[in-house]
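The values are calculated or read from the model by the stated rules, or taken from the named source; none is laboratory data. Computed from a predicted model, the values in this text were never measured in an experiment. All Cβ positions, even for glycine, are placed from backbone atoms using ideal geometry, and neighbour counts span all protein chains on display. Just so you know, the surface numbers come from the protein's heavy atoms only, side chains and all, with ligands and any DNA or RNA stripped out. Shrake-Rupley method; radii C 1.70, N 1.55, O 1.52, S 1.80 Å.
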There are 2 protein chains.
Amino acid sequence: MKHVLVVGGGFGGLNAAKALAKANKFKITIVDRRNHHLFQPLLYQVAMAGLSPAEIATPIRTILSGNKNVKVFLGNVHSVDLSKKTVTTDFATLFYDYLILACGSKHSYFGHDEWEENAPGLKTLEQATEIRRRVLLAYELAERETSAEKQKLLQTFVVVGGGPTGVELAGALGEISRFTLAKDFTAIDSKSTRIILIEAGPRLLPSFAEDLSARAAKDLEKRGVTVWTNRRVTNITADGVYVGEELIPTKTALWAAGVLPSSVNKTLKVPLDKQGRVIVESDLSIKNHPEVFVLGDQAHFEDKGEVLPGLAPVAIQQGRHMVKILKADIDNKPRPSFHYVDKGQMAAIGRKSAVGQMNKAKFVGIVAWFMWLAVHIYYLIGFKNRLFVFLSWAWSYITFGRGARLIVSKEWRTHVLSKNSK
Amino acid sequence: MKHVLVVGGGFGGLNAAKALAKANKFKITIVDRRNHHLFQPLLYQVAMAGLSPAEIATPIRTILSGNKNVKVFLGNVHSVDLSKKTVTTDFATLFYDYLILACGSKHSYFGHDEWEENAPGLKTLEQATEIRRRVLLAYELAERETSAEKQKLLQTFVVVGGGPTGVELAGALGEISRFTLAKDFTAIDSKSTRIILIEAGPRLLPSFAEDLSARAAKDLEKRGVTVWTNRRVTNITADGVYVGEELIPTKTALWAAGVLPSSVNKTLKVPLDKQGRVIVESDLSIKNHPEVFVLGDQAHFEDKGEVLPGLAPVAIQQGRHMVKILKADIDNKPRPSFHYVDKGQMAAIGRKSAVGQMNKAKFVGIVAWFMWLAVHIYYLIGFKNRLFVFLSWAWSYITFGRGARLIVSKEWRTHVLSKNSK
């Protein structure tokens, strides 16, 4: 039996491993830096205190348990040696017959990594709970603040990036300030919260149809979000966000702009595109390395002259395609090329508001919102999570409340050390 | 209207604030270091991945919202000046007509605070998720370990302290290793996990009847827990736990032994007992300071010649008693002294197993377990939490699974810095 090494337990890697395990013709090893698969599309809900981390994450070994032919390891992958067919990790050097790289991407600060400290991105549970901590803490500090000016500063939020994540974060911030927190604070008026969404391009949601971008902007402004397009962020410091020469004073900036593929790519020594993604063949393999595949955000795949976007459905379909290719190899049949079936895209703006498009069809408002709800709950891995997320949402919908409004120190040690106070 | 300042949003302070708010005869300010009230009795469930933090914690301002006469502030209380009637915090100096101190307690390492790093206690959500991280990580590291000896080391857990918390932690560890993780790990046999519960006294659960202690020990051993009584821990290092001269090699020790009342007590300059608790009068006030009250773990209250234990019901009843006293003051009536109504005590050992006693009546096994379940779900604050905790448990009960098995870095920065790997 050939040994297939899968790196990454995201949508691409997990779906590849699941399909290969079912095929029962391979030995599979999957390695991830985390013990859990994360349902990225709902991560902003954790950042906005709507869901708990456990509701959108499941241990990878639980998802794959029961498959005798699968081994799961927690570990960091440092580099790949294509000639030796080995992968170096923090715990061992792993050999492979087939290698499937699905390491995903992290946020790109366009060469300004120093911005991250004052404008965290949203890719991991740690970042989500950190964003939650910063947002909720800003209101707590404003409540006990006596100077109106400082209160205004603390109640100003800036979201950088007008893609789906930025839109969803800004929309949720608008709703929290207007509904969830309104009745809980007495010294401040949470409704006066200022939320600015900055997009460098001409419109929000550039991958959507123009009228949907316009509708998204309109629905955001209804929720108190100020949308700035064609404005470029030039610097982010502890004082705030600089747009051109202008400083927007804020203590809470969130980054939802560029992404950068895994740094493993550089170790491959193969052609990468401008963004650093590995340029793959029609079967998702690396040129001259038919035994190595790259999926999802990490790969540059051209389909009908278009490069596929870094979306969950792309990674899922590419992951599932792996088993077809490896089975073809076993049967000495030609490998089927991958073709992306575009199921459309959606972005939630808030209660009863979303935008979505499938081929020519477009959806807005409450219809799109219910579609969004159904699709996301359906795709959540694990029946329990689906059930619980649905209940959490039903509950928030009725009560306007948000169940996970906890401020937990970002570092356990700091808490230990500060234990003596009080 | 008199201004009542409540320090601490635990069982004592929160119940005092709620009752006083309802009375509508006072201005109330409540200050806590956290934004949430924590349902301590179920904290071990978070540490053992059975519940999510949000399921046992609710924002204090949400619980008290709607009361126009209550202000909630997030803040650290540093000291109290009884003569000036002021409280110094990290954000302002607060004045009071009445002061209610309910700051609770933290873990005591009997003068060996250096043990904490290798044996965290269980008082906060941060500590609970940190314990969860350590326990789950130990299994992940064992799974990828090749030396049987190192695997044994990683699969050895030591719990120090045979009170309810220690018993509940050890019991849950036994069940996780035998049921939850068994099918998920292939390289190691999670059932071979070694769990040692160390109690310095002659028996577990010293506050319970002797036969219940014996039953608890028996039920724990059924779950693979080795119970050591009359054994004293002499040192805890990165190598393991020293009991007398003997070293138990372990990477995961948990501390559930002594507690130490809030360090605010020292700033009061009033008589404290040996453990550092404030000795209070029959109306819970400080001698010669009828305007200052101390509740819960922080107070030394003698009832019928017995000092009340640091239990939730004690703090709850003391908190609720406050309104009676302050109302009596308004009506110039004599203050009613506090009397504790002992509703009994319980400790859960695991599925279908608990011990409980009410006055003369004793309960064990599945009966006690269902009582424990009912009581704890009932007392959980917030209907949503009750519902969700009940569902989480029903689910775990059916599936033997644990929903919150996430390893999240204890520090966000470390994650940011390690992002480039993989």
Among the residues listed as A:ILE316, A:ILE330, A:ILE286, the single one being modelled with pLDDT of 95 or more and closer than 30 Å to A:VAL367 by Cβ: A:ILE316
Number of positions in segment B:197-212 that are closer than 22 Å to B:GLY365 by Cα and either among the β-branched types (Val, Ile, Thr) or without any contact (Cβ under 8 Å) to a residue 12 or more places away in the chain (or both): 1
Odd one out for A:ASN332 among (1) more than 30 Å from A:TRP393 (Cβ to Cβ); (2) touching a residue at least 24 places away in the same chain (Cβ under 8 Å): (2)
Selection within segment A:51-63 - under 16 Å from the mean Cα position of the chain (by Cα) and not in a strand (DSSP E or B): A:LEU51, A:SER52, A:PRO53, A:ALA54, A:GLU55, A:ILE56
Meets criteria (open to solvent by 20 Å² or more (accessible area, probe 1.4 Å) and over 20 Å from A:ALA257 (Cβ atoms)) for A:ASP113: no
Filtered residues of segment B:165-184 (kept if surrounded by 22 or more Cβ atoms within 10 Å (Cβ to Cβ) and not in a helix (DSSP H, G or I)): B:LEU181
Where a residue in segment A:138-163 is more than 11 Å from chain B (Cβ to nearest Cβ) and open to solvent by less than 20 Å² (accessible area, probe 1.4 Å) and its partner, wherever it lies, is in a strand (DSSP E or B) and among the small types (Gly, Ala, Ser), with Cβ under 6 Å and at least six apart: A:VAL158/A:ALA253
Which numbered condition B:GLY111 misses (of (1) in contact with a strand residue (DSSP E or B) (Cβ under 9 Å, 6 or more places away or on another chain); (2) free of Cβ contacts under 8 Å to residues at least 60 places away in the same chain): (1)
Criterion violated by A:HIS3 - all others in (1) more than 17 Å from A:VAL314 (Cβ to Cβ); (2) open to solvent by 10 Å² or more (accessible area, probe 1.4 Å); (3) under 15 Å from the mean Cα position of the chain (by Cα); (4) of a type outside the set (Gly, Ala, Ser) satisfied: (3)
Verdict on B:THR252 being surrounded by 20 or more Cβ atoms within 10 Å (Cβ to Cβ), touching a residue at least 60 places away in the same chain (Cβ under 8 Å) and of a type in the set (Ser, Thr, Tyr): yes
Test: residue in segment B:64-79 that is in a helix (DSSP H, G or I) and either open to solvent by 10 Å² or more (accessible area, probe 1.4 Å) or more than 7 Å from chain A (Cβ to nearest Cβ) (or both): yes
Segment B:88-98: number of residues that are closer than 23 Å to B:LYS123 by Cβ and either in contact (Cβ under 8 Å) with a residue 24 or more places away in the chain or in contact with a Pro (Cβ under 8 Å, 6 or more places away or on another chain) (or both): 1
In segment B:81-110, the residues that are of a type in the set (Gly, Ala, Ser) and open to solvent by 50 Å² or more (accessible area, probe 1.4 Å): B:SER83
Which listed residue is among the small types (Gly, Ala, Ser) and more than 20 Å from the chain's Cα centre (by Cα), from A:ALA216, A:ALA253, A:ALA257, A:ALA182: A:ALA182
Given (1) open to solvent by 10 Å² or more (accessible area, probe 1.4 Å); (2) farther than 30 Å from B:HIS36 by Cα; (3) within 14 Å of chain A (Cβ to nearest Cβ), number of the condition B:SER190 does not satisfy: (1)
